[in-house]
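Read the structure below first, then the notes.
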Amino acid sequence: MLYNPDHVLAPMVRKLEQWHPLTVNERAALLDLPHLVRDLKAHQYVVWDGDKPQHACLMLSGFAFRHKLAGNGSRQILSIHMRGDILDLQNSLLGTADHNVQMITEGALALIPIQAVVDLAFRLPAVGMAMWYETLVDGSIFREWILNVGRRDAFTAIAHLLCEFAMRAEAADIAKTAHYELPLTQEQLADAVGLTAVHVNRTLMRLEEEGHIRRDRRVIEIDDWQNLAKVADFQPRYLHFRNGARLPSVPAELAKRAPADCP
């Protein structure tokens, strides 16, 4: 199969090429993976803690989040996922899920058999390397979210999350950094930064009152990226955009901190 940019699995190819260059044949091999497209509703689970997943799930549309539940039922959201993200890739080798993945909005997934993913990764080292990078960047994002919960105050943590979502959404061709719709409710935002929904609401109001953002329901507008990034303690290098991937339209001072040409 020749590489087809309109193929249902093309978002996976574009995402993996952010981490490692692929040849035409390697792209085509990815598109040739067996898969089943599945439509999911908002709040539907993709992965359950304790599952033994049989598929790696490629996000085609919509948004999902990764989370864990404490013994008292409290939820901690660990990351947001969007088009092009390969959910549960780590369980291709780990075998048993240790967390949940749940849809935020309705959306579509491509279910790819785990064994087919493993076989391709070992048969084509460049593909395996790109998949390895994908899991490593996930880990980098998790570390930044731990810092948000553990050491950043509410104002900084929520501003940081707004910056991250903006950059990742533009890199995935979903939105622009200066104008986007945040899919999370205030309750979900609270579970992402370890606060109450009331505290989140007050913090969003403060961000708006001080001119860092403008809001219309869930639509976020950012007039001064550098100003928001400063109050958010946001440096995008942990997102590891690289190998010529198009950097989102952020100020040059920030873009220089994102190592797009790392060795």
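The values are calculated or read from the model by the stated rules, or taken from the named source; none is laboratory data. None of the values given here were measured: they were computed from a predicted structure. Here the Cβ positions follow ideal geometry from the backbone for every residue, glycine too, while neighbour counts run over all protein chains shown. Side chains are part of the model used for accessible areas, which takes the heavy atoms of the whole protein and leaves out ligands, DNA and RNA. Shrake-Rupley method; radii C 1.70, N 1.55, O 1.52, S 1.80 Å.
Summary of values
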{"item": "Largest to smallest principal axis extent of the C-alpha atoms in the stretch 25-173, angstrom", "result": "47, 30, 26"}
{"item": "Rounded D (µm²/s) - the stretch 1-112, Kirkwood Rh over Cα pairs, Stokes-Einstein at 37 °C, 0.692 mPa s", "result": "224 µm²/s"}
{"item": "Inverse mean reciprocal Cα-Cα distance (Kirkwood Rh) of the chain, Å", "result": "19.0 Å"}
{"item": "Average silhouette area of the stretch 180-230, convex hull of alpha-carbon atoms, in square nanometres", "result": "3.5 nm²"}
{"item": "The stretch 108-195 - Rg over Rh from alpha carbon coordinates, Kirkwood radius", "result": "1.07"}
{"item": "Cut-off 13 Å between beta-carbons: net charge of the residues surrounding residue 46, Lys and Arg +1, Asp and Glu -1", "result": "-3"}
{"item": "Sum of -39500 (n - 2.57) over DSSP H runs of 4+, divided by residues of the chain (222 nm, nearest 500)", "result": "-12000 deg cm²/dmol"}
{"item": "Linear extension gain, residue 54 paired with residue 32, 0.36 nm per residue minus alpha-carbon span", "result": "6.1 nm"}
{"item": "Cα lying deepest toward the dipole's positive end in the chain, options 130, 157, 107, charges on Cβ", "result": "157"}
{"item": "Too-long pairs where the Cα-Cα distance tops 28 Å, listed order kept, from 68/230; 41/176; 41/230", "result": "68/230; 41/230"}
{"item": "Taking the chain and dividing mean pair separation by its residue count, relative contact order in percent (alpha carbons under 8 Å, at least six apart)", "result": "19 percent"}
{"item": "Accessible area expressed per residue, the chain, with surrounding protein chains retained (probe 1.4 Å, Å²)", "result": "48 Å²"}
{"item": "Length released on extending from residue 202 to residue 129, taking residue separation times 0.36 nm less the Cα-Cα span", "result": "21.9 nm"}
{"item": "Sequence-distant residues sharing a close amide H with residue 55 (under 5 Å, placed H)", "result": "114"}
{"item": "Rounded percent of accessible protein surface that carbon and sulfur make up, the chain, 1.4 Å probe", "result": "53 percent"}
